[in-house]
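Where a number appears in this text, it was derived from the coordinates with a stated rule and is not lab data. Worth saying up front: this structure is predicted, and the values here are computed from it rather than measured. Because the Cβ atoms are built from the backbone with ideal geometry, glycine has one as well, and the counts that use them run over all protein chains shown.
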Amino acid sequence: MPVFLTGSSAEFRLYVLPINVMLKDNADDIREKIEHHEAGHETHPILERIRREAEGITSTYAGPAATQPRRVTFEELAGMVDEVFIALHGRPGEDGALQQQLEQFGLPYNGSGVASSQVTINKFDTNRRLREAGLRVAEHRMATRLEWAADPENFFRGLETQFPYPFIAKPADDGCSSAVKKIKTRAELEAFTRLIFRDQEELMPAEATTLSLGFKEEFPRKEAFLVETLIDRDGAAHFLEVTGGLLTHWGPNGELEIEVFEASEALATGEVLSLEEKFLAGEGQNITPARYAPEAAERQRISEEVKRELRRVAEILHIQGYARIDAFVRVRANGAVEVLIIEVNSLPGMTPATCIFHQTALAGYTPYQFIDQILEFGKQRTAQQTAAG
């Protein structure tokens, strides 16, 4: 049953949707359709005529499907489904708030629990925890709208002093690759700042041009953004960007076991890997398994070290269910391996182009088996929580 969630973490709104609405291009289109319906606008007469003429077929083969969006409560949802698969990325579905609501009504769900989700949605907090645990991350700091509004020149100079150009600027709590930009000049820094701190929904044309934003490119409004040093080769013999998936299981004694898959090598055509390259079929270039070395034995040695670091990330952040972790890997001339964590996605995108399916295939899972394992883990977790209290 397709259910659409809209609103903020403070006020969720759930809707049961007909298939024709679910097949819209994106969440904004779906929200527009819902708002159009709630505003009392009539259905287009042509659609009404098609429904009437097709009723003989749809009543027999399609069942009592909804023809308009219908709002439901979480309590009603609990009476309609046995489990929820959260197919959301970023807020408000990946930050623990939705998970908290589902747990109140005893509904199993995919992915990590509330506490872990609250950490991994925030890239700054994630980096801080990983660094404190001894893992490698980029130098980073938050840049706030209050600082900028108080003294723009001092704001820009402070960032330039701490982070020599080029550096990375991005939202700290949004979905992956959204508004992630390599900042090379003061002009680009000013444009990024004005865009992310803008008051209106629309992008400013001059700033969008300065940052070479694509048509309809995602660029959220925020009260703060994350600044990081640009991770580069740093003299390594080999340097590559990877994304590695993992899946968790319950062991025979109820302990959590983490299965880390062979990571994929991600090839960016631009300065940073785009959202389209990660998830849109035909856009991305991902090589699975990653090409750490030409010799098979050496490639596997490096791969095991990378997987060991990704497993540590999952343990430190208490990740459950499944996840995808993005990282850079440096292989030194003496064979030393350095893994620098970029970000953690506690609800990875699951489009047909997503390379996590390639990784699970190498581990012997069909797409159905992989998703079934995710759902089974969620049900078992809820059963354990119920039994414990």
Exercise for the section: Amide H neighbours of Ala263 under 5 Å, at least 5 residues apart or on other chains, H built in the peptide plane: list them. Expected result: Ala290
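Let me check I have the definition right: for the stretch 139-229, take the eigenvalues of the Cα gyration tensor, multiply each by 5, take square roots. What are those semi-axes in whole Å, largest first?
Working: eigenvalues 69, 40, 35 Å².
After scaling each eigenvalue by five and taking roots: 19, 14, 13 Å.
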Exercise for the section: Whole Å is fine, so just give me how far the alpha carbon centre of the stretch 289-322 lies from that of the stretch 325-350. Expected result: 8
Handout entry: Cα→Cβ-extended label distance, 7 Å offset, between Phe74 and Ala206, nm
Key = 4.6
Problem - Filter on Lys33/Lys222; Lys33/Lys182; Lys123/Lys216 - keep pairs with C-alpha separation over 32 Å - result: Lys33/Lys182
Problem - Whole-number D in µm² s⁻¹ for the chain, Kirkwood Cα-pair radius fed into Stokes-Einstein, 25 °C, 0.890 mPa s - result: 107
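Using a simple charge model, +1 on the beta-carbon of Lys and Arg, -1 on the beta-carbon of Asp and Glu, nothing else, what dipole does the stretch 65-213 show about its Cα centre, in debye to the nearest 20?
580
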Fill in the blank from the handout: Dipole check, the chain, charges on Cβ (K,R +1; D,E -1), about Cα centroid: among Tyr322, Ser264, Phe197 the Cα furthest to the positive pole belongs to Ser264
Completion exercise
Once the dipole of the chain is set up from charges on Cβ (+1 Lys and Arg, -1 Asp and Glu), the residue from the list Thr60, Gly389, Trp250 lying farthest towards its positive end is Trp250
Practice task
Take Ser59, Ser116 and order them by how many other Cβ atoms sit within 10 Å, fewest up front.
Solution key: Ser59, Ser116
Completion exercise
Rounded to the nearest Å, the spacing of the alpha-carbon centers of the stretch 134-210 and the stretch 66-112 is 33
